[in-house]
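Heads up, the thing below is written out as structure tokens.
The values are calculated or read from the model by the stated rules, or taken from the named source; none is laboratory data. In this text the structure is predicted, and so the values were computed from the model without any measurement. Neighbour counts run over all protein chains shown; Cβ positions are idealised from the backbone, glycine included. Ligands, DNA and RNA are excluded from the accessible area calculation, which covers all protein heavy atoms including side chains. Shrake-Rupley method; radii C 1.70, N 1.55, O 1.52, S 1.80 Å.
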Amino acid sequence: MRRAVVVRRIVVVGGGIAGVGTVAALRAGGFDGDLTLVDAGEFPYDRPPLSKDFLKGDKDIKDIALQPQQWYDDQAVRLASLTTVTALRPDVGGVELSDGTTLPADRVVLATGGHAARPPIPGVASPLVHVLRTAEDADRLRSALTLGARVLVVGAGLIGAEVASTALDLGCDVVLVDPVHPPLAHAVGADVATWLHDLHTRWGIRTVHAGLESLVDRGAEVEAPGIGVFDVVVLGVGMAPDTALARAAGLDVDRGVLVDERQVTSTPAVLAVGDSARLRDGTRTEHWEAAQHDGQRAAATILGLPAPTTTAPWFWTDRHNLHVEVVGDMAAADVTVIRGSFDTPPFAVFGLRDGRVVGAVAVDDSTAVRAARRMIDRTLAVDPGRLADTAVDLRKLLRG
Amino acid sequence: MSTGIRVASLEDIPEGEGIAVAKDVTGTADDIALLRDYDGSVWALDDTCTHETASLADGWVEGGYVECPLHSSKFCLKSGEVQGLPATKSTCPHRVEIRDGEVYLFPNEAP
């Protein structure tokens, strides 16, 4: 027989978008018990600007706070800042904190995120080699991106492309290397991926199609054999989920903290959300909105509320003054429809399967991607000819 | 009592969309977005998203909300109240009246 447990104390571990999204959803869902958000930083901040405005210096750390300080007071959330959780103790119903205290908790939500991956190649430990995951990383990198600095960006995915674009804006001499051509084809389709990657060249970045085998630390500079000599190297080769707490507590971990579709780990009192969580038999997603949705699902699970409705996954990225949005799953498409022209953004590409939109990528075309999202969510049959016709209002198409 | 500023004809604003009225017309700190929902109602909010520089008049209007064209923060058409991240601040609503198919704006008056 399952006994009802009254949940009065919840601890959320990690102040990224997943953690903050979780506490917001718990309060929005009516939870009125003790709620603590443990965060290693001074306050939770938003990560997407770290490779864009924040790196450029157009925004400071206060500008990118996920919520103003007052919000935590208004929501009665205890923000345990500059604090880490050192151990989960589901056996005693609490977590141990870096200040030596134990915080009692009926439910713990892990939103521990991850850290930037460093490929195990020679020379990678040079102080001239940077990664970008935290505001501190971005501060360090910014101070290195001086006018005329020779910068090698390793990895031309989302973060790499954004960093390359920002470094170029800051007046650096940028080389972008990736073993895959075109990068991001799985996310945006080969045609858009090629167009996006070629933008770098048009703006004056040298792109190199190669794998990076080694770096040679020459003190004041770093040599990438066969590519060049650089003042700064930035690795944008992905992240590794932070699963140490879960692993130490004996939770099931396999390329992420394993969760069910309700975000519950192998230990019923512990849930996991965001970049560090992986759906059992599924893949880990690392996008901003997906992390928030995880938090909303976790809150619904804890509060016994119906799960929030799911919607097609969506993310954005910015490079060379263009705003790119992707919705759904372009890889699932068997037909693509181009709306507009690659030569003159805005444009959008819709991916269709069996006459229904399954994905879309838009460049500076917000309406197209929002319409596409609704078409995907409603599994609406659409006429490809009308989708391609820029004279047809997509809002009307959606309304039949 | 002010009679408002005639800023547009109703037919200038398609349902589900918005248009921006320049601040030198409205006399406000920001441009004002006129946003028309599918029930035919027209609402006015400060045009610039409170998160980053984006025009809410270019947003997606539906079901009582406008969604920012950049990062999809939603704002209540009636109150300007922010509904979700990344924006954290609400935006300012203004009163609108429709008379004989013309849209009159009352800047800085509550709807």
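Structure above, values below:
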| read-out | value |
| --- | --- |
| Strands (runs of 3 or more DSSP E) wholly inside segment A:304-366 containing at least 1 residues that are more than 30 Å from A:Arg8 (Cβ to Cβ), among the basic types (Lys, Arg) and in contact with a strand residue (DSSP E or B) (Cβ under 9 Å, 6 or more places away or on another chain) | A:335-341, A:344-353, A:356-363 |
| Residues within segment A:228-238 that are of a type in the set (A, V, I, L, M), out of contact with any Pro (no Cβ under 9 Å at 6 or more places or on another chain) and either open to solvent by less than 20 Å² (accessible area, probe 1.4 Å) or not assigned by TED's automatic domain parsing to the domain that holds A:Gly160 (or both), tallied | 3 |
| Leading residue by the ranking (most open to solvent (accessible area, probe 1.4 Å)) among those in segment A:247-266 that are more than 21 Å from A:Leu305 (Cα to Cα) and outside any loop (DSSP other than H, G, I, E, B) | A:Arg247 |
| Condition check for A:Arg297: open to solvent by 20 Å² or more (accessible area, probe 1.4 Å), assigned to a helix (DSSP H, G or I) and more than 14 Å from chain B (Cβ to nearest Cβ) | yes |
| Scope segment A:300-311; condition of a type in the set (S, T, N, Q) and within 14 Å of chain B (Cβ to nearest Cβ); matching residues | A:Thr309, A:Thr311 |
| Residue under evaluation A:Ser126, criteria (1) more than 30 Å from A:Val358 (Cβ to Cβ); (2) within 18 Å of the chain's Cα centre (by Cα), criterion not met | (2) |
| Residues satisfying the stated conditions in segment A:183-206, i.e. surrounded by fewer than 21 Cβ atoms within 10 Å (Cβ to Cβ) and closer than 23 Å to A:Ile121 by Cβ | A:Arg206 |
| Residues of segment A:318-347 that turn out to be open to solvent by less than 30 Å² (accessible area, probe 1.4 Å) and either of a type in the set (Ser, Thr, Tyr) or within 30 Å of A:Leu170 (Cβ to Cβ) (or both), as a count | 8 |
| Failed item in (1) of a type outside the set (Phe, Trp, Tyr); (2) open to solvent by 10 Å² or more (accessible area, probe 1.4 Å); (3) over 19 Å from A:Phe347 (Cβ atoms), with A:Val153 passing the rest | (2) |
| Number of the condition not met by A:Glu286 [criteria: (1) modelled with pLDDT under 95; (2) within 14 Å of chain B (Cβ to nearest Cβ); (3) under 20 Å from A:Leu245 (Cβ atoms)] | (2) |
| Subset of segment A:312-325 [away from every other protein chain (no Cβ under 11 Å) and more than 24 Å from A:Lys56 (Cα to Cα)] | A:Ala312, A:Pro313 |
| Residue among A:Val233, A:Val163, A:Val151 that alone is in a strand (DSSP E or B), within 21 Å of A:Asp58 (Cα to Cα) and modelled with pLDDT of 95 or more | A:Val151 |
| Count of residues meeting criterion [over 16 Å from the mean Cα position of the chain (by Cα) and either within 16 Å of A:Pro90 (Cα to Cα) or not aliphatic (A, V, I, L, M) (or both)] in segment A:273-307 | 9 |
| Where a residue in segment A:112-133 is touching a residue at least 24 places away in the same chain (Cβ under 8 Å) and its partner, wherever it lies, is of a type in the set (Gly, Ala, Ser) and open to solvent by 40 Å² or more (accessible area, probe 1.4 Å), with Cβ under 6 Å and at least six apart | A:Ala117/A:Gly238 |
| B:Tyr104 open to solvent by 40 Å² or more (accessible area, probe 1.4 Å), away from chain A (no Cβ under 12 Å) and either assigned to a loop (DSSP other than H, G, I, E, B) or not hydrophobic (A, V, I, L, M, F, W, C) (or both) | yes |
| Residue ID - nearest to B:Gly16 (Cα to Cα), chosen from residues in segment A:344-377 that are in contact with a helix residue (DSSP H, G or I) (Cβ under 8 Å, 6 or more places away or on another chain) and among the basic types (Lys, Arg) | A:Arg374 |
| Selection from segment A:342-393 of residues that are within 10 Å of chain B (Cβ to nearest Cβ), at pLDDT 95 or above and farther than 21 Å from A:Arg319 by Cα | A:Ala371, A:Arg373, A:Arg374 |
| Unmet requirement for A:Gly236, which otherwise passes all of (1) out of contact with any His (no Cβ under 8 Å at 6 or more places or on another chain); (2) closer than 25 Å to A:Val85 by Cβ | (2) |
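This table checks each residue for (1) within 19 Å of A:Asp106 (Cα to Cα); (2) in the same structural domain as A:Leu79 (by TED's automatic domain parsing); (3) of a type in the set (Asp, Glu).
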| residue | (1), (2), (3) |
| --- | --- |
| A:Leu37 | yes, yes, no |
| A:Ala40 | no, yes, no |
| A:Asp46 | no, yes, yes |
| A:Ser51 | no, yes, no |
| A:Gly57 | no, yes, no |
| A:Ile61 | no, yes, no |
